[in-house]
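Here the structure is laid out as structure tokens; the discussion comes afterwards.
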Amino acid sequence: MFSDLLIERLLKATSVVVLTGAGISAESGVPIFRGETGLWKKFRPEELANIDAFLRNPSLVWEWYNYRKDLIREVNPNPGHVALVALENKYPDFLLVTQNVDNLHRVAGSRNIRELHGNIMRNRCVDCNRQIDQSELTVPTGSAVPRCECGGLVRPDVVWFGEALPNKEIQDAFTAARSCDVFLVVGTSAVVHPAAQLPLEAKEYGAYVLEINVEPTVISNYVNESIFGKAGTILPALVKRLGL
């Protein structure tokens, strides 16, 4: 399944970067929030996941996000998530960059993570920008909308339509991509920018780039190696091949 050159590069590597997308979460059963049944079938995500919708009707947006959180709490990390923890434990310089907001990498045990689109289990105040953990949420009596201690509305700490990615997260990702020995692209269609540029940037700076996806993508002809199949099968096999 794996080329000898890939294994050689991984065994010699000290710096590894991994970019993950929706594919690895789908294998855990994380639902795609389009075409929901009931109330949510009437809305497209674009109509709810934006700041204007939130300010106009925060209780409706919070109802949708609480529904999403409840669904995500029912799923668990899969063997692909767990294999990435093993890789992080092996390499002294390891960075996991994810486009997912479902928190499954952290639940699995990954530590050095850059969440490009935020984390649905984290929240922040729209006024003072303070981050608020799920356990710290305070909902005033008679309201469905959490409030910060400063009095401001609290929103899910995810990147909504029309918002820029967090600058530090994306800058850290590009810095790591330009200096790593091996770059893994896992479960992403590689069409959402700027994240889609990361593997190409890594290759340009000399990294060996491995793509793992269920089907070919727009970058398949540019990476060093592509393996098509489920991340939950391929990543554990790679970890085993490395002797971890």
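The values are calculated or read from the model by the stated rules, or taken from the named source; none is laboratory data. Owing to the predicted nature of the structure, the values given are computational and were not obtained by experimental measurement. Side chains included, ligands, DNA and RNA excluded: accessible areas come from the protein's heavy atoms. Shrake-Rupley method; radii C 1.70, N 1.55, O 1.52, S 1.80 Å.
Size descriptor for segment 163-244, Kirkwood hydrodynamic radius: 13.4 Å (Cα pairs only, one decimal). Taking a ≥ b ≥ c as the square roots of the eigenvalues of the Cα gyration tensor, an a/c ratio of 1.5 or more together with a/b larger than b/c marks segment 1-125 as prolate. Kirkwood Rh and Cα-based Rg: tell me the resulting Rg over Rh for segment 104-244, rounded to two decimals. With Rh from the inverse mean 1/r over Cα pairs, Rg/Rh is 1.07.
Can you tell me the 0 to 90 degree angle between the C-alpha axis of helix 231-241 and the longest principal axis of the chain, rounded to 10? Approximately 40 degrees, to the nearest 10. Ranking LYS203, LYS168 by solvent-accessible area of protein heavy atoms (1.4 Å probe, all protein chains present), from largest to smallest, gives LYS168, LYS203. Of the residues LYS69, LYS12, ranked by 1.4 Å probe accessible area with the largest first, the sequence reads LYS12, LYS69. Exposure check, 1.4 Å probe, all protein chains in place: SER3 carries approximately 40 Å² of accessible surface. Residue order by solvent-accessible surface for MET121, MET1 is MET1, MET121, largest first, with ligands and nucleic acids left out and a 1.4 Å probe. So, with a 1.4 angstrom probe, what is the percent of accessible area on segment 63-194 that is carbon and sulfur? On segment 63-194, the fraction of accessible area on carbon and sulfur atoms equals 47 percent.
For the chain, the relative contact order is 25 percent, taking Cα pairs closer than 8 Å that sit 6 or more residues apart in sequence and dividing their mean separation by the residue count.
Using C-alpha pairs below 8 Å separated by at least 6 residues, the relative contact order for segment 1-133 is 28 percent.
For segment 88-244, the solvent-accessible area of protein heavy atoms averages 46 Å² per residue (probe radius 1.4 Å; ligands and nucleic acids excluded). Among the lysines of the chain, pairs at least eight places apart or on separate chains and with Cα atoms under 28 Å apart come to 16.
By a 1.4 Å probe calculation restricted to protein chains, VAL239 has an accessible surface near 20 Å², given to the nearest 10.
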